[in-house]
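Peer 1: The structure under discussion is supplied below as structure tokens; questions concerning it will follow.
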Amino acid sequence: MFSRCRWLSTEALNMIRINKFTLVLVMVCSCYVTSIKLDELKNDKNLLYQNLFKPDQLGKSVGGSGSGVATTRAATRPASGDRDGTPGPMAKHAVNKPSADGEETTKTRAVQTDAQPSALKSTMSEKRAEKCKEKCPANIKECCRNAIAEKSCHNATDDPVSYFVNPSYPNEDWDSSFCDFRVDIKNRNVCQLRLDLEEFSLRGPHKYLGSCRQDRLIISTTLPNGIGITELCGNNTGQHLYFPVDPKAGGSSVALMMMTSQSSRYSWKVRITQIDCISDPQSVAPTGCLQYHTSLSGTIQSFNYAGGMYQSGLDYAVCIKRSVNTCRVEFQQVPGSTFGINSMEGPSLEEGIGRAGEVSCDLVTHDYLHIPGGMLDIGEEILAATGNVEVYTPTAEKFCGRSLSGLAIQEFAEKIKVNDPLGAQDNNTIATPVTSYASGPIIVRFHTDSVTVKERDIGFSIAYQQLGTGCNKNKIRR
């Protein structure tokens, strides 16, 4: 009996050892299987993320039915600052403005990066074009003009057409800031940029020095030669500028820098167009022209004319496209406008009296409007009355004073005749048209010296008109 119990005890111990081994083996197998399952789940998760965030899938989600979710996430992401939504220094400039059809359109004002997938950019461009066609198919260009993305400070673009605006546009700003914007030219056929100042209101130049000392726009290019103007300030809404670029040199870009202070409120909206000189040669300005007018007639104004004072240190060219079948250009002061370019007499010159010639405009002072071959138009009736007799008509190229006056040319010529160019003037040289028969490109140049004074050095607003009549130049001796 005792032997049998001992045998049973031994068998029980053996069974216990076997069960322990089996239990350990089962636990090891379970852990191994669990590890395999976890690895499989991890791989499935990674595969899911890769498929979900592929660039092509992302583009489809923006353009497809999931656009609402994607747009909401993009809109609610903080523009700058911490990830918890705390606004950064530029977040206050983000403005939501209702569009014409009642939709909320988010305008980007803060720092952005151009690290968007190409498929996303392409999809967004297509979506914008479709929106234009839907809203105004009869005037797609004007509609798309308003659909172009607007960017503000610390941004860059390589778009053919873009907008650079002040941080709180369309509202004004007050803060002192440095706002830069870079335009990258990647198309090797682009040779110029055109800047249209659709809105441009900054503090004007210093009232005694004429320089931009508070708010100013500075434009720099990779080309070594200047363009006749280094900075711009004041009220210049409606003006435009051309800048040469050379993308074939590699890495061409143009930097626009706005320096602002808290001295006054400011706002701007600048449309930037990259001009393809191969596909759009008609839009290319002649070399050296800061401004370019292509119509038969139009108006030319000095910078900050609306602000009542031109800047010092200017020397730039305004070009006009010569039309076929025309032989002369007539320039005259816009009716009701004021004219003020410093002359030798300075502030003592009577209001409404114009001056012409080197002595009055470029001897003591050096501010003048240069019109090649400028002369007083003698009229067809005078030519008809003289028969075949030549008519002596003097010319002058530099104009200043308190009006644009063709009569001033005649007066200056009379002083030269009697060898008294510095003699007293008759002061009957009121505003009268100035006509130019000069051949070749039509170029008007504006030059200012190192000092300008407010209320005297106002600037000009002149109308030009190309004419195909009165072309009897063979009867005019100059």
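The values are calculated or read from the model by the stated rules, or taken from the named source; none is laboratory data. Here the structure is a predicted model, which means the values were calculated and not measured. Don't worry about glycine lacking a Cβ; one is built from the backbone with ideal geometry, like all the others, and counts go over all protein chains shown. Accessible surface is based on the protein model in full, side chains and every heavy atom, while ligands, DNA and RNA are left aside. Shrake-Rupley method; radii C 1.70, N 1.55, O 1.52, S 1.80 Å.
Peer 1: To the nearest 10 square angstrom, how much accessible area does V245 have with a 1.4 angstrom probe?
Peer 2: Counting only protein heavy atoms, the figure is 10 Å².
Peer 1: Okay, next question. What is the gain in length, in nm to one decimal, between E455 and E350 on full extension, counting 0.36 nm per residue of separation less the C-alpha to C-alpha distance? Could the numbers behind the result be given before it?
Peer 2: Numbers: separation 105, 0.36 × 105 = 37.80 nm, distance 1.35 nm.
Answer, rounded to one decimal: 36.4 nm.
Peer 1: Holding the Cα-Cα limit at 31 Å, pick out from K207/K321; K321/K454; K151/K248; K321/K398; K269/K454; K186/K269 the pairs that are longer than that. Show your work: numbers first, answer last.
Peer 2: Details: K207/K321 35 Å; K321/K454 33 Å; K151/K248 26 Å; K321/K398 21 Å; K269/K454 26 Å; K186/K269 23 Å.
Check vs 31 Å cut-off fails for K207/K321; K321/K454.
Peer 1: Can you give me the solvent accessible area of K248 with a 1.4 Å probe, rounded to the nearest 10 Å²?
Peer 2: Taking all protein chains as shown, K248 has close to 140 Å².
Peer 1: H206: accessible area at probe 1.4 Å, nearest 10 Å²?
Peer 2: Using a 1.4 Å probe on the heavy atoms, I get roughly 70 Å².
Peer 1: For the range 242-327, report the accessible area per residue in Å² (1.4 Å probe, heavy atoms, rounded to an integer). Don't skip to the answer; put the middle values down first.
Peer 2: Details: 3490 Å² over 86 residues.
Here the residues of the range 242-327 average 41 Å² of exposed surface.
Peer 1: Mind giving me the nanometre distance, one decimal, between the label points for V161 and N325, set 7 Å out from Cα along Cα→Cβ?
Peer 2: 3.1
Peer 1: Semi-axes of the equivalent ellipsoid of the range 274-334: what are they in whole Å, largest first, if each equals the square root of 5 times a C-alpha gyration tensor eigenvalue? Kindly include the intermediate steps, with their values, before the conclusion.
Peer 2: Numbers: eigenvalues 114, 67, 20 Å².
Equivalent-ellipsoid dimensions as semi-axes: 24, 18, 10 Å.
Peer 1: If you roll a 1.4 angstrom probe over the protein chains with everything in place, what fraction of the accessible area of the range 224-376 belongs to carbon and sulfur, to the nearest %? Walk me through the numbers before you get to the answer.
Peer 2: Working: 3050 of 6060 Å².
Carbon and sulfur: 50 percent of the exposed surface of the range 224-376.
Peer 1: Sorting R402, R328 by accessible area (1.4 Å probe), largest first, what list results?
Peer 2: If we order R402, R328 from most to least accessible, we get R402, R328.
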